[in-house]
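Please read the structure below before turning to the comments.
Every number here is computed from the coordinates shown, using simple stated rules; none is lab data. For clarity, every value in this text was computed on a predicted model and none was experimentally measured. Here the Cβ is made from the backbone with ideal geometry for all residues, glycine too, and neighbour counts use every protein chain on show.
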Amino acid sequence: MVESVRELIKAHEGVEREVYLDFENSAPVPEEVVREMLPYFNVKAYGNPTLTNKPGWEAYETIISSAKKIAQYIGAKSLEEINFLPGETEANNLAILGTVYKRKGQGNKIIISEIEPLSIIHVCKMLEKSGFRVEKIPVDGEGFINLEWLKEKVDNNTIMVSVSSVNNEIGTIQPIREALDIVKSKKGEIIFHTDISDAYGRIDFDLSRIPVDLATISSYKILGPRGIGALYVREDVKIERILEGQIGTQKLWPGIENTPLIVGFSKASELAFENFEQNINHMRRLRDKLIDGILNGISGTLLNGPSGGKRSPDNVNISFLKCEGESLTIELSLKGVYVSSGSACTRRALQPSHVLTAIGRRFEEAHGSILMKVTRYHTDEDVDYVLKAIPAAVDRLRKIYGSMGG
Amino acid sequence: MSRSPLPYNPKILELFRNPKNLGRMDDATVSAVAGNPSCGDMITFYLKIDDESEAIVKASFESYGCAANIATSSILTEMVKGKKLYDAWQTSWKTVAKEVGGLPTVKFHCGILAVGALRRAIRQYYKIRGHTPEWLPNEPTFEEKQALEEEELAKMLSKRMIEFEGEG
């Protein structure tokens, strides 16, 4: 099988241009972030931050400075509120399970939205087996949560609510402030968690205005390295650890801190925030150029998620009818355009993306969906190239579809 | 909803890029569909059959599906061309998978669907002619059943979705 992958890679030789847009699923780390990280592998701060030797103190100083920087970008009061851990999946697991362990006996209802990432949905499914009741807030055709429904369902038996600030697949910017108000005015003790992995560095998210209890941040989603992320835990909120071992500087996550990755995460945050307005304006312009170019240029296309100011500045998600998504990702890959799809064909089960079905897309619409994210590094030339590649790819696949279904 | 790696082999890639016998056949004797768009997989098989010799003169296909779906459909049209219907019927999904150089486990169903479409077309042919040869099994074969199951599963999932939406 490995042999055939080598052949697949070879088939890409000689592509005119390469444009990576699969930032949902992984990302290249910018050179400046890599350069910042490198000395921390073996030149400095390679010690254990809780031990009494120079490299250890250097590591301690580095981790604290990084936490301080990230705390400042989200408007956290104290750097103690930033808990580093290996990523979004781990942070979401800790948020849900850590809260449930702490609040045992105080209720058994957990409310999440229908379109949460799988690291929320699957943990909740697991909890359902041990007696918790999980209710999912329905969303409308653009992915916005139903606040009236939330108002009705949140009760004294609810221990926590979790809603992502920005949906990772369709870019919907949720009314988190309103949701938080509804939950807290019902009962102040209910824990409110939000995954801000797709909001951080892309929308103006500030804890002083949206004082949630817990928030998940991922590093690779803002072009930092994979394998690192953080869970913000407000200083007066207590949750339990879900793993045990040697505790160091990170009270909620045992094990030796990964200083180089923390430095990369912090540097990536700095780059996203230092020219925040300029960065998001650039992304938004390229996003709209891509969306408009596709919707106007190709028939049988549907935008998934809202448009304009209610959509994350980086997110493009479009369904191509009579065109299966996995085939489209391969066809585009062979032209140097790297994207992903919500098609069932890229998954084990027959079901397509739960986000797309939740907003009412029929299966055949979801199967033909393509997800792309633009960054501050993309250029107009990149987008022009993509806008040339996609119509040709769709056209070829629709020829294979031919006359089926009339 | 987990994902698995899909290391497609060069043969699949080649057939995906340059499928053989592609497109609707206007003078087809018979055609059959397997799968439907809501499965994410649909194949239409067209056969031109010589009534006298009961041999496939030509075969073509249309496909909505992944690279494995396109490749297996394409190779099957080549495999059965010129064959007697009896011999074409014997083609199993495993032979198809072998011909394309092997399929990733999660893509076995593509080969099954292609064979399912072919066998449906052959059944249809005999149904139109109003006679059933002795070798044609009365009961649907594994590939035909699997194709049906996939269609029913997709139908069931869609129905559940509609019911769920209806609740709100």
TODO: Pairs to check: A:K322/B:K83; A:K335/B:K107; A:K335/B:K81; A:K373/B:K145; A:K69/A:K129. Give those whose C-alpha atoms are more than 29 Å from each other in this structure.
DONE: A:K322/B:K83; A:K335/B:K81; A:K373/B:K145; A:K69/A:K129
Open item on the list: From the alpha carbon gyration tensor of chain A, can you work out the equivalent ellipsoid semi-axes (sqrt of 5 times each eigenvalue) and give them in Å, largest to smallest?
Closed with: 35, 28, 19
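Give me A:K184, B:K145 ranked fewest to most by other Cβ atoms within 10 Å of their Cβ, as a rough exposure proxy.
In increasing order of surrounding Cβ atoms, one gets B:K145, A:K184.
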Task: Nearest-ten-degree value, helix B:108-129 long axis tilted from longest Cα axis of chain B - done: 40
- [ ] Sort the range A:70-190 into rounded, prolate or oblate with this rule: let a ≥ b ≥ c be the square roots of the eigenvalues of the Cα gyration tensor; rounded if a/c is under 1.5, and if a/c is not under 1.5, prolate when a/b is larger than b/c, oblate otherwise.
- [x] rounded
- [ ] Report relative contact order for chain A in percent, whole number only (criteria: Cα-Cα under 8 Å, sequence separation at least 6).
- [x] 21
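Please work out whether the range A:366-406 counts as rounded, prolate or oblate from its C-alpha gyration tensor, where a ≥ b ≥ c are the square roots of the eigenvalues and a/c under 1.5 means rounded, while otherwise a/b larger than b/c means prolate and anything else oblate?
Oblate is the answer for the range A:366-406, as a/c is 1.5 or above yet b/c matches or exceeds a/b.
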- [ ] At 7 Å along the Cα-to-beta-carbon direction for both A:E16 and A:D380, put a label point, then send me their distance in nm to one decimal.
- [x] 1.8
Task: Of every Cα-Cα pair in the range A:284-363, the percent that sits beyond 18 Å - done: 46
- [ ] Place a label point 7 angstrom from the Cα of A:E7 along the Cα-to-Cβ direction, then list the residues of the range B:64-91 whose backbone nitrogen is under 19 Å away.
- [x] B:66-79
Task: Mean ellipticity per residue at 222 nm, deg cm²/dmol - from DSSP H runs of n ≥ 4 across the protein assembly as shown, formula -39500 (n - 2.57) - done: -13500 deg cm²/dmol
Task: Test item: B:33-39 mean partner chain Cβ contacts at 10 Å - done: 5
TODO: Quick one: P(r) of the range A:26-90 from all Cα-Cα pairs, 5 Å bins, percents rounded to integers, in order of increasing distance.
DONE: 4, 15, 16, 23, 24, 14, 3, 0
- [ ] Normalising by the residue count of the range A:32-273, find the relative contact order in percent from Cα pairs under 8 Å and 6+ residues apart.
- [x] 26
Task: Entries in A:K187/A:K238; A:K238/A:K267; A:K102/A:K251 that, when Cα-Cα distance is taken, lie over 21 Å - done: A:K238/A:K267
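With the cut-off at 1.5 for a/c, could you classify the range A:202-336 from its C-alpha gyration tensor as rounded, prolate or oblate?
prolate
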TODO: For the range B:63-82 and the range A:1-48, write down the distance between their C-alpha centroids in whole Å.
DONE: 35
- [ ] Evaluate the relative contact order of chain B (contact order divided by residue number), counting alpha-carbon pairs under 8 angstrom at least 6 apart; express in whole percent.
- [x] 24
- [ ] Take the alpha-carbon positions of the range A:32-273, form their convex hull, and give its projected area averaged over all directions (one quarter of the hull surface) in nm².
- [x] 12.5
- [ ] Work out which helices of chain A, taken as complete DSSP H runs, extend at least 27 Å along their axis over the Cα atoms and score a mean Kyte-Doolittle of -0.5 or more, then list them.
- [x] A:54-74, A:380-401
Open item on the list: With angles folded into 0 to 90 degrees, how steeply does helix B:142-167 sit against the dominant principal axis of chain B? Use alpha carbons for both and round to 10.
Closed with: 30
TODO: Please work through chain B and write down the cysteines that have no neighbouring cysteine Cβ at a distance under 4.7 Å.
DONE: B:C39, B:C110
Open item on the list: From the P(r) of chain B, could you give the percentage of C-alpha pairs in the tail past 26 Å?
Closed with: 29
Task: chain B: angle of helix B:67-80 to the longest principal axis, Cα-based, in degrees nearest 10 - done: 10
